[in-house]
Amino acid sequence: MALLSLQRTLSAVGHVDHHAHSILRASPSDLDGFRGLFSESPDPRQWPHVATTIMYQRAVELLAIELGCEPREEAILDRRRESGPLQYASELLRAAGAQALLLDEGYPPASEALSTAEMGTLADCPAHPVLRLETLPTNEDGGLPEHSLARVATARAAGYLALKSIVAYRGGLDLKALAPATRARLLAALEANRESGDPLPVQIHTGFGDPDLLLARADPSHLKPLFERFPETTFVLLHCYPFVREAGWLASVYPNVFFDLSLTIPHVSRPAAALSEAVELAPLSKLLYGSDAVRTPELYLLAARWWRDALAEVLGALLSERAAERGAQLILRENALALYRL
């Protein structure tokens with residue numbers, strides 16, 4: 001009964017999704033295209049296999065209940081088509097229950113996706129932009145010109161709540177092993193952020209992702225020198241799987257390091273197992289709710305439900321119900337409200 005009680009309590013707690021993306025304007029044209037929205041693989045040959053993943057099968061069951069249709073992927077796709085993409089998206093986004101969204105505007109391409117403002121309208125909550133550093137214009141030699149550095153320095157005044165880097169995709173997280181131009185761009189942007197006098201939090205992709213990533217080089221432990229070089233900058237480690245314990249350790253020893261399990265939840269089949277690893281060492285005040293939902297609204301809802309289930313299961317087993325509820329509230333909203341000054 002304690003688990004059910006905690007689940008009911010957490011279902012009423014609005015969350016801050018501190019790391020997500022916009023959704024596509026266009027709907028998938030066929031069933032495999034729909035399956036591909038639940039995969040990190042861009043290769044259509046992989047998409048039929050998505051239907052056999054535990055995550056996808058659980059998703060179909062949950063979505064069918066939410067949408068009031070048969071628990072078949074075809075029925076869900078039919079429901080999407082009948083409702084229209086915007087109405088369908090709004091229904092799921094509002095059911096997810098976010099009280100604020102932080103959206104990385106670097107992906108999907110703006111020509112294919114809803115704007116940050118449109119996402120906020122559909123979700124019925126404030127939506128705030130995150131500036132991806134890799135979208136900044138560069139010089140012919142690959143460096144950052146003054147106007148790009150000025151954009152970083154004035155990002156907070158322009159309404160951005162965080163910076164974000166995908167340097168893991170540009171060679172990995174070991175700064176010494178990066179191409180000189182890549183390393184120089186990252187460090188120059190971080191210096192500009194620091195020199196602003198009021199640096200924004202910096203989100204960094206770590207762990208798994210698209211197949212052009214070399215996973216071994218995405219271990220957040222490589223970032224240790226960066227945390228020490230910029231002690232006044234808050235770094236937020238994104239995703240982290242399979243390096244969840246490494247991220248938790250970093251958050252337990254560096255005051256300027258936070259982390260999340262976005263992408264990990266909803267994509268892993270055992271969200272509670274990942275969460276258990278995250279809280280083994282890390283303070284609950286260092287873990288943030290995030291979905292990394294992208295391209296399709298279903299991921300927003302799945303993350304919201306499975307995060308809460310995992311929090312109730314893991315914290316409920318380790319703490320008193322009152323302490324578990326407080327810890328879950330920190331993770332779902334309070335930590336992000338403080339970190340991003342919402």
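Between 98, 59, 75, the GNM of the chain built on Cα springs shorter than 10 angstrom shows 75 fluctuating the most. Taking the helices alone, the chain has a mean residue ellipticity at 222 nm of -13000 deg cm²/dmol, built from -39,500 (n - 2.57) per DSSP H run of at least 4 residues and averaged over all its residues. Applying both filters, DSSP loop and at most 11 other Cβ atoms within 10 Å, to the trypsin sites (Lys or Arg not before Pro) of segment 255-342 gives 341. If R0 is 25 Å, the Cβ-Cβ spacing of residue 41 and residue 72 corresponds to a FRET efficiency of close to 0.65.
Of all the options 46, 329, 203, the one that moves most in a Gaussian network model of the chain with Cα springs shorter than 10 angstrom is 46. Computed about the Cα centre, the dipole magnitude for segment 161-282 is approximately 260 debye when only Lys and Arg (+1) and Asp and Glu (-1) carry charge, each at its Cβ. Considering only DSSP states other than H, G, I, E and B, which GluC sites (Glu not before Pro) in segment 197-250 qualify as loop sites with at most 11 other Cβ atoms within 10 Å? Passing both the DSSP loop test and the Cβ count: 232. Under 5 Å from the amide H of residue 99 lie the amide H atoms of 15, 16, 17, each residue being 5 or more positions distant or on a separate chain, with H modelled from the backbone and absent for Pro and chain starts.
In segment 240-342, the alpha-carbon atoms span a convex hull of 98 Å³ per residue. Here the spin labels are modelled as points 7 Å beyond Cα on the Cα-Cβ line, and at residue 30 and residue 281 they lie 4.8 nm apart.
If you wrap the tightest convex hull around every Cα atom of segment 213-273 and split its volume per residue, you get 85 Å³. When the chain is treated as a Gaussian network with alpha carbon springs shorter than 10 Å, the biggest mean-square fluctuation among 33, 106, 97 belongs to 33. Once the dipole of the chain is set up with Lys and Arg at +1 and Asp and Glu at -1 on Cβ about the Cα centre, which of 137, 41, 261 lies farthest towards its positive end? So the residue furthest toward the plus end is 261. What you get for segment 211-332, charging only the Cβ of Lys and Arg (+1) and of Asp and Glu (-1), is a dipole of about 60 debye around the Cα centre. Taking every DSSP beta bridge that has both ends in the chain, the antiparallel portion is near 5%. Summing Cβ point charges (Lys, Arg +1; Asp, Glu -1) relative to the Cα centre of segment 3-63 gives a dipole of roughly 160 debye. A crude spin-label estimate for the pair residue 338 and residue 195, with each label 7 Å from Cα along the Cβ direction, gives 3.2 nm.
The length gained on full extension between residue 169 and residue 57, counted as 0.36 nm times the residue separation minus their Cα-Cα distance, comes to 37.4 nm. Rg/Rh, computed from the Cα trace of segment 148-263 with Rh as the Kirkwood radius, has the value 0.95. Computed in the context of the full set of protein chains, the accessible area of segment 25-97 at 1.4 Å probe radius has 52% of its extent on carbon or sulfur. Calculated accessible area for the chain comes out at 42 Å² per residue, all protein chains present (probe 1.4 Å; ligands, DNA, RNA ignored). Charge tally around residue 143: other residues with Cβ under 12 Å, Lys/Arg +1 each, Asp/Glu -1 each, net -1.
Select from segment 31-100 those trypsin sites (Lys or Arg not before Pro) which occupy a DSSP coil region and have at most 15 other Cβ atoms within 10 Å, ordered by residue number. Answer in residue order: 45, 72. Legend: P(r) of segment 1-149 from all alpha carbon pair distances, 10 Å bins from 0, whole percents, reading 10, 29, 35, 18, 7, 2, 0. Cα centroids of segment 314-342 and segment 221-245: how far apart, whole angstrom? Here the two parts' Cα centres lie 21 Å apart. With the convex hull of the Cα atoms taken as the outline of the chain, the averaged projected area works out to 16.6 nm².
The values are calculated or read from the model by the stated rules, or taken from the named source; none is laboratory data. Only a predicted model underlies this, so the values are computations on that prediction, with no experimental measurement involved. Ideal geometry is used to build each Cβ from the backbone, glycine not excepted, and the neighbour counts take in all protein chains shown. Just so you know, the surface numbers come from the protein's heavy atoms only, side chains and all, with ligands and any DNA or RNA stripped out. Shrake-Rupley method; radii C 1.70, N 1.55, O 1.52, S 1.80 Å.
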